[in-house]
1. For q values of 0.13, 0.20, 0.22 Å⁻¹, compute log₁₀ I(q)/I(0) with the Debye formula on a Cα-only model of region 66-171, without solvent.
2. Report the one residue of VAL165, TYR152, TYR121 whose Cα lies farthest in the direction of the positive end of the charge dipole of region 66-171 (charges on C-beta: Lys and Arg +1, Asp and Glu -1; origin at the Cα centre).
3. Please report the net charge: other residues with Cβ closer than 12 Å to the Cβ of LEU105, K and R +1, D and E -1.
4. Taking the Cα centre of region 70-172 as origin, work out the dipole magnitude from +1 charges on Lys and Arg Cβ and -1 charges on Asp and Glu Cβ, in debye rounded to 20.
5. Based on the mean of other Cβ atoms within 10 Å per residue, sort peptides 89-98, 130-139 so the most packed one is first.
6. For region 66-171, what is the accessible area per residue in Å², given a 1.4 Å probe and the full set of protein chains?
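The values are calculated or read from the model by the stated rules, or taken from the named source; none is laboratory data. Source: prediction; values computed, not measured. Cβ atoms come from the backbone with ideal geometry, glycine included; neighbour counts cover every protein chain shown. These area figures cover heavy atoms from the full protein model, side chains too; ligands, DNA and RNA do not enter into them. Shrake-Rupley method; radii C 1.70, N 1.55, O 1.52, S 1.80 Å.
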Amino acid sequence: MKREMMKRLMVFGMVVLMALFMVACSENDDIPEAEAPVDTEEQTEGEDLNNDVEEEGVEEVAPASTDELLASVADEDSYLILEGVGAGWAPTIMVLLNDGTFYGLVDYAGEATVKFVEGGYEETDGVITTKGTQYNTGEEIEYEITSSDGVYTTTIAIPDAGIDVELTGTLE
């Protein structure tokens, strides 16, 4: 299963890179000749230097959200659910259950949803400490979840992605 997911991630990555390369190449064919530099002293106050122009044929992609992951755990007996999106494409949640266990889910860009860590947690003086194991290495992982004004926060590393994601949530 691990190899299959890695293969899928590699294929997905290659497809994305090829698509970006093709878009970049097609855009380079229509590059206009360089114009003379703009004299910024002649611009009026409040004039926008970064004219936001929509490119023709470029589809705006909706940002990734945790909605589907949250829906998948709606029936859980949860104490706390933390959520966040890593690098704009990796919706991630951490579910702390009332029985003292927890797990983390990540959606790898719609290609695969993986329970990447699971274990137990303890709360001491408003700080929650989780201890679990990573799904693909068996490595022990510990997260510290802190609270400020009722909002719980932690930062986790997404396995096989090389990104960190900040998760936040409030008590259920």
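1. Taken in order of the listed q values, log10 I(q)/I(0) reads -0.41, -1.03, -1.27.
2. About the Cα centre, the residue reaching furthest to the positive side is VAL165.
3. On the way: positive: LYS115; negative: GLU68, GLU76, GLU83, ASP107, GLU118.
Around LEU105, the charge tally is -4.
4. On the way: 2 positive and 20 negative charges, 44 e Å.
I would put it at about 220 debye.
5. Details: 89-98: 20.8, 130-139: 15.2.
In descending order of packing, they fall as 89-98, 130-139.
6. On the way: 5150 Å² over 106 residues.
Accessible area per residue, region 66-171: 49 Å².
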